[in-house]
Amino acid sequence: MRRLSDKFRFLEIESSDNARMSLATEEAIFHEVISGRSMPTFRFYRHKNAIILGCFQLAEQEVDMDVANKNKIQIVKRFTGGGAVYHDLGNLNFSVITKDNYGIGTNVKTLFGTMINGAVNAFASLGMNPQSGKLNDVTVNGKKILGAAASIRQKAVLFHAATLVNTNLPLLASVLKVPGIKLKDKGVATILERVTNIKAESGKNEQDVREALKKSYSDLLNMELVPGELTKEEKDLAQRLYNAKYSTEEWNMGRELLPV
């Protein structure tokens, strides 16, 4: 028997000009959901001009610093793994954060297998023919339109993904360093051959993508989205995380794994 719909807080909270605070907020929400003080959460957010690194990456190996500095691109490291991505306002990010299992799974492979399906179904509803990648991405016509990362802590899960809606792909390709062997494995010679925008593939805009993702994940997790706000505890923790970690060069530019 299918359970009754579960309530998820729906947030459209972003600090698009400050990706470092945005990622501090993301981690704060996760900690508060783990503690049970915050509801399971579905969030949309954007970043104006930023490179987001996986937590084990080194900026100088992943980013063309000359291009980044010339274009005033902010560099910030997230607390999940995976590869570097470029974000601008043509990129839509979303996260699903919940303490209960919801059939998602408690290992990374199962988690991705379940959650990527939500994006695949959303993009299919927009008239595309999406395919799930090897683990954590979605492609259309062989080109990537979504990349995801995740964390599992104390039986809570966080899944977040970056969606290329109408991103500046030439700038993305020039600022990210991707080894030639990695491109060769994908059967392409340049980054621009590897990525595409949803708008180019379907004609759909950001609002169309938001609505499709909301419906798809609501169906997948049987969740009822309830508009909400950040709690005082989340705001306070986000500020502490920002001050101690996300605002520091040790975290963003090095290999430091700083504590909360």
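The values are calculated or read from the model by the stated rules, or taken from the named source; none is laboratory data. Values in this document were obtained by computation on a predicted structure and should not be read as measured data. Cβ sites come from the backbone with ideal geometry, for glycine too, and all protein chains shown count toward neighbours.
Since Y242 meets every condition but one in (1) at pLDDT 95 or above; (2) buried (at least 16 other Cβ atoms within 10 Å of the Cβ); (3) over 19 Å from the mean Cα position of the chain (by Cα), which condition does it not meet?
(3)
Kindly evaluate E256 against the criterion of being of a type outside the set (A, V, I, L, M) and either modelled with pLDDT under 95 or farther than 25 Å from A84 by Cα (or both).
Details: of a type outside the set (A, V, I, L, M): yes; either modelled with pLDDT under 95 or farther than 25 Å from A84 by Cα (or both): yes.
Judged against the criteria, E256 is a match.
Restricting attention to the range 53-60, does a residue exist that is within 19 Å of T139 (Cα to Cα), at pLDDT below 95, of a type outside the set (V, I, T) and surrounded by 17 or more Cβ atoms within 10 Å (Cβ to Cβ)? Even if it seems obvious, please write down each step before you answer.
Filtering the range 53-60 for residues within 19 Å of T139 (Cα to Cα) gives none.
For the range 53-60, residues within 19 Å of T139 (Cα to Cα), at pLDDT below 95, of a type outside the set (V, I, T) and surrounded by 17 or more Cβ atoms within 10 Å (Cβ to Cβ): absent.
Check whether at least one residue in the range 10-20 is in a helix (DSSP H, G or I) and either basic (K, R) or at pLDDT 95 or above (or both), and report yes or no.
Yes, some residue in the range 10-20 is in a helix (DSSP H, G or I) and either basic (K, R) or at pLDDT 95 or above (or both).
Of the residues that make up the range 149-172, is at least one among the basic types (K, R), under 24 Å from N205 (Cβ atoms) and either touching a residue at least 12 places away in the same chain (Cβ under 8 Å) or outside any strand (DSSP E or B) (or both)? Walk me through it before giving the result.
As a first pass, look at the range 149-172 and keep what is among the basic types (K, R): 153, 155.
Next, from what is left, pick out any that are under 24 Å from N205 (Cβ atoms): none.
No, because not a single residue in the range 149-172 is among the basic types (K, R), under 24 Å from N205 (Cβ atoms) and either touching a residue at least 12 places away in the same chain (Cβ under 8 Å) or outside any strand (DSSP E or B) (or both).
Restricting attention to the range 177-215, which residues are touching a helix residue (DSSP H, G or I) at 6+ places or on another chain (Cβ under 6 Å), modelled with pLDDT under 90 and in a helix (DSSP H, G or I)?
If the condition is that a residue be touching a helix residue (DSSP H, G or I) at 6+ places or on another chain (Cβ under 6 Å), modelled with pLDDT under 90 and in a helix (DSSP H, G or I), then I191, L192 are the ones that fit.
Sort through N69, N49 and tell me the only one that's without any contact (Cβ under 8 Å) to a residue 60 or more places away in the chain and more than 29 Å from G203 (Cα to Cα).
On the way: N49 fails: more than 29 Å from G203 (Cα to Cα).
Within the list N69, N49, the selection yields N69.
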